[in-house]
2 protein chains.
Amino acid sequence: MYSQKLLKPDGRALTLYSRQPIAEGLTAPSPSQEPVQANPHLRWHPLRGEWVAYASHRQGRTFMPPPQYNPLAPTTDPEFPTELPQGDYDVAVFDNRFPSLTQGANNPPNCIVETLPANGACEVVVFTQDPEASLGSLTLDHLDLLLQVWGDRTRLLGSIPQIQYVLPFENKGVEVGVTLHHPHGQIYAYPLIPPVCARMLEQQEKFYQEQGRGLLEDLIEKEIKDQQRIIYQDQYAIAFIPVCARYPYEVWLAPIQAVPSFIELSREQRQSLAKALKTVTLKYDGLWQRSFPYLMAWFQAPTDGNAHPEAHLHAQFYPPYRTREKLKYLAGTELAAGMFVNDALPEEKAKELQAVVVNLSEPVQV
Amino acid sequence: MYSQKLLKPDGRALTLYSRQPIAEGLTAPSPSQEPVQANPHLRWHPLRGEWVAYASHRQGRTFMPPPQYNPLAPTTDPEFPTELPQGDYDVAVFDNRFPSLTQGANNPPNCIVETLPANGACEVVVFTQDPEASLGSLTLDHLDLLLQVWGDRTRLLGSIPQIQYVLPFENKGVEVGVTLHHPHGQIYAYPLIPPVCARMLEQQEKFYQEQGRGLLEDLIEKEIKDQQRIIYQDQYAIAFIPVCARYPYEVWLAPIQAVPSFIELSREQRQSLAKALKTVTLKYDGLWQRSFPYLMAWFQAPTDGNAHPEAHLHAQFYPPYRTREKLKYLAGTELAAGMFVNDALPEEKAKELQAVVVNLSEPVQV
């Protein structure tokens, strides 16, 4: 993997990634020439015992721009610069122009609860130069590169002392509020371990202390024995609807053997994860023969300087649909009480995805 | 308050509530004559350390029925029975026809994780016979009665040994997936303390042990001193955008002095809460001169047989809008990591709601 780091005129960083050496002399454009003014802060939520981020400058952010202008495509008209230059590269990562967390944050306001500067980082990951692609339509080699990029970002962001947790994710589809349809994800790098990640690590650590092995490894072993909900499986990686799915089409994707983070993935594990990732996203898109919206998040070990043998890198997909026509709305019991009600049995939804035939080697048009 | 309990032909219970004695001889109708077949179960989610409910019969539930048929209005055509009879009553409560939790649940399936019958109860609370009303348009006396009804349900459901927590809530608006527009809410009665409620009680108990007083009482005292975010305040009750709001228009509503649950409310506190409730919902509807969607949930002490001096009855409103035209979508950081990012400062949103003038005594058309 080759990479090249550039600086945008507004001070933001852009890194290009490629399988091939990247030509020198590229210039990083930006839709705006003014330095990013973001100064987000955190406030303590005493009742929930967690932090909330306030990023009031984000109100004015891009929302459903006209289709002719795509800020994530390479710049073609210098009068309307985008976020990316023309050139030979496969994946690009740049600082979000409207960050919820940023390294320069300072002087949080005085409040009746504790406040902190929202130190951290928010990055945008452009998966490909092709605006019509999706994870499922990219080649296995391209997905393998993307997994390497997530590893590089985890390593770089995680090495910043204040950063405790690096979360790559993708929001896909208007149903989940996505404003730009060019295939891309985001990375949030937090100055703390966020509550859900902390909760999962707590469960994993307890199990690890008691059993001397990983909680997710244990669940995966049981899922493999049970076989009912498997969506993809090879020697190194697996994808399945978990027995405890909270969303009807929820899928988890992981190396079979516990690996704490993207950084420690072997080449074989990465290549298998690429196959699993392509299989799941192709099956999603194939299910109703249309682009399938989801939230995909990758959980891994914190970057807090401690060893985390309990952690197990994996992705969780949360699709918003419960049937072809019906959305699952999160309401009283989910959002207020935190107890999910799933209208569908994971075993039944797994059958639907298992029935979708996909071909990993053929070029795909979605 | 008068009440009358009736039995529907399909075995479900219906209770009518009124300020006046209710005529004898009313018959409880039901859209369906077949006994409810629900047999939901719970599965343990090992990674999150929480239970997930599976209610697969719910897939076929009523979804956007034709406008001429309103299952929550009194029955007028015996060929198309609704959930309610004609008669003089103000509020009605009946067992949900598609419950996620039910007292008859049994024989959960064998799974690779622990399972339990989803014992509990799901009730529908019809706020009024008027299909065009909203909480803001009801009289203060009617709202006072509704608060009494929530107390009666908390007492009755909470006295069932297996029930540990009673959560009244309202989902309002198509934006949050509401399929029936007749003003109504729901009550979920859980066989466990749901994760978010448990987390909040944990924080409250820690504070109570350390300080000898309530955590929410403490926050309310600070909000009153600060004054910036107050939406309603009198001697007994308060409504405010909390300093740590996760949603732009989030409002909390509570008795100023800690009261564990609806059951212990004094008459004065109840009447003040009715005024606070009417004020908040009128201000919401007045803000953009249109019906304002929200999720409203009432948190209170568990009904697990223990004393909960740390608990403080209160409502939290989560409206889905961040501006007049823009919805706040919960995405990567909120749903996956559990860290909320709020685009707006609570102080600014409070000013918007403070500026909406409402009149509690006049009849209101929304």
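So what is the diffusion coefficient of the stretch B:90-136 in µm² per second by Stokes-Einstein at 37 °C and 0.692 mPa s, using a Kirkwood Rh over Cα pairs?
So the translational diffusion coefficient is about 249 µm²/s.
Report the relative contact order of the stretch B:200-354, percent, no decimals, based on alpha-carbon pairs under 8 angstrom and at least 6 residues apart. List each step's numbers first, then the result.
Numbers: 255 pairs, mean separation 45.2, N = 155.
Once normalised by length, the contact order is 29 percent.
In a Debye calculation with equal point scatterers on the alpha-carbon sites of the stretch B:120-233 and no solvent, what is log10 I(q)/I(0) at q = 0.15, 0.19, 0.21, 0.23 Å⁻¹?
Result of the Debye calculation: -0.95, -1.20, -1.20, -1.20.
Nm distances between the label at residue B:27 and the same-position labels in the remaining copies, 7 Å along Cα→Cβ, shortest first?
Nearest first, the other copies' label points are 8.4 nm away.
For an R0 of 35 angstrom, estimate the FRET efficiency from the Cβ-Cβ distance between residue A:360 and residue B:10 and round to the nearest 0.05. Before the final figure, lay out the partial values.
Details: r = 50 Å, r/R0 = 1.43.
Efficiency at R0 = 35 Å is approximately 0.10.
With labels modelled as points extended 7 Å from the Cα through the Cβ direction, what inter-label distance (nm, one decimal) is found for residue A:210 paired with residue B:324?
With each label placed 7 Å out from Cα toward Cβ, I get 5.5 nm.
Run lengths n ≥ 4 of DSSP H only: what is the helix-derived mean residue ellipticity at 222 nm for the protein assembly as shown, with -39500 (n - 2.57) per run over all residues, to the nearest 500?
Estimated from H runs of four or more residues: -7000 deg cm²/dmol.
Per 0.36 nm of contour for each residue apart, how much would the distance between residue A:162 and residue A:32 grow if the chain were fully extended, relative to their Cα-Cα spacing?
Additional length available on full extension: 44.0 nm.
Kindly put B:111, B:197 in sequence by how many other C-beta atoms sit within 10 Å of each C-beta, fewest to most.
B:111, B:197
Straight-line reach only, C-alpha to C-alpha below 16 angstrom: list the lysines that residue B:172 could link to, leaving out same-chain residues fewer than 8 apart.
The qualifying lysines are A:328, B:278, B:283, B:328.
Using all Cα-Cα distances in the protein assembly as shown, what percent lands in each 20 angstrom bin from 0 up to the longest?
16, 49, 30, 4, 0
Within the stretch B:295-349, list the GluC sites (Glu not before Pro) lying in a DSSP loop whose Cβ has at most 10 other Cβ atoms in a 10 Å radius. Before the final figure, lay out each step's value.
Numbers: sites: B:310, B:325, B:334, B:347, B:348; in loops: B:310, B:325.
Loop-located and lightly packed - B:325.
Determine which chain B residue has its Cβ at minimum distance from the rotation axis mapping B onto A, giving the value in whole Å.
Nearest Cβ to the rotation axis, residue and whole-Å distance: B:330, 4.
Where in the stretch A:159-242 are there trypsin sites (Lys or Arg not before Pro) that are in a DSSP coil and have at most 14 other Cβ atoms within 10 angstrom of their Cβ?
Within the stretch A:159-242, the qualifying trypsin sites (Lys or Arg not before Pro) (loop, at most 14 other Cβ atoms within 10 Å) are A:213.
Using a 10 angstrom Cβ neighbour count of at most 13 plus a DSSP loop assignment to flag exposed chymotrypsin sites (Phe, Trp or Tyr not before Pro), which longest range of chain B is free of such sites?
Longest site-free region, per DSSP loop and neighbour criteria: B:70-366.
Using a Förster radius of 60 Å, what is the FRET efficiency between residue B:69 and residue B:348 based on their Cβ-Cβ separation? Nearest 0.05, please.
Computed FRET efficiency for residue B:69 and residue B:348 comes out at 0.90.
Taking the Cα centre of chain A as origin, sum charge times position over the Cβ atoms of Lys and Arg (+1) and Asp and Glu (-1), and report the length of that vector in debye to the nearest 20.
The dipole of chain A has a size of about 520 debye.
Taking the label point as lying 7 angstrom from Cα along the Cα-to-Cβ axis, what are the distances from residue A:309 to the corresponding position in the remaining copies, in ascending order and in nanometres?
Residue A:309 label point versus its equivalents elsewhere: 4.4 nm.
With only Lys, Arg, Asp and Glu charged, each at its Cβ (+1 for the first two, -1 for the last two), find how big the charge dipole of the stretch B:115-255 is about the Cα centre; round to the nearest 20 debye.
360
Treating the point 7 Å from Cα along Cα-beta-carbon as the label, what are the nm separations from residue B:10 to the other copies, to one decimal?
Output for residue B:10: 5.5 nm, nearest copy listed first.
Which trypsin sites (Lys or Arg not before Pro) from the stretch A:257-366 combine a DSSP loop assignment with at most 12 other Cβ atoms within 10 Å?
In loop regions of the stretch A:257-366 (DSSP not H, G, I, E or B), the sparsely surrounded trypsin sites (Lys or Arg not before Pro) are A:290, A:324.
Please work out the FRET efficiency for the pair residue B:110 and residue A:155, using the Cβ-Cβ distance as r and a Förster radius of 30 Å; give the result to the nearest 0.05.
0.10
Run the numbers on chain B and let me know its relative contact order in percent, using alpha-carbon pairs under 8 Å that are six or more apart. Kindly include the intermediate steps, with their values, before the conclusion.
Details: 774 pairs, mean separation 56.4, N = 366.
Computed over chain B, the figure is 15 percent.
In nm, to one decimal, how far is the modelled label at residue A:222 from the one at residue B:234, with both set 7 Å along Cα→Cβ?
A separation of 5.3 nm, rounded to one decimal place.
Rule-based calculations on the coordinates, nothing more; no lab input. In this text the structure is predicted, and so the values were computed from the model without any measurement. Ideal geometry is used to build each Cβ from the backbone, glycine not excepted, and the neighbour counts take in all protein chains shown.
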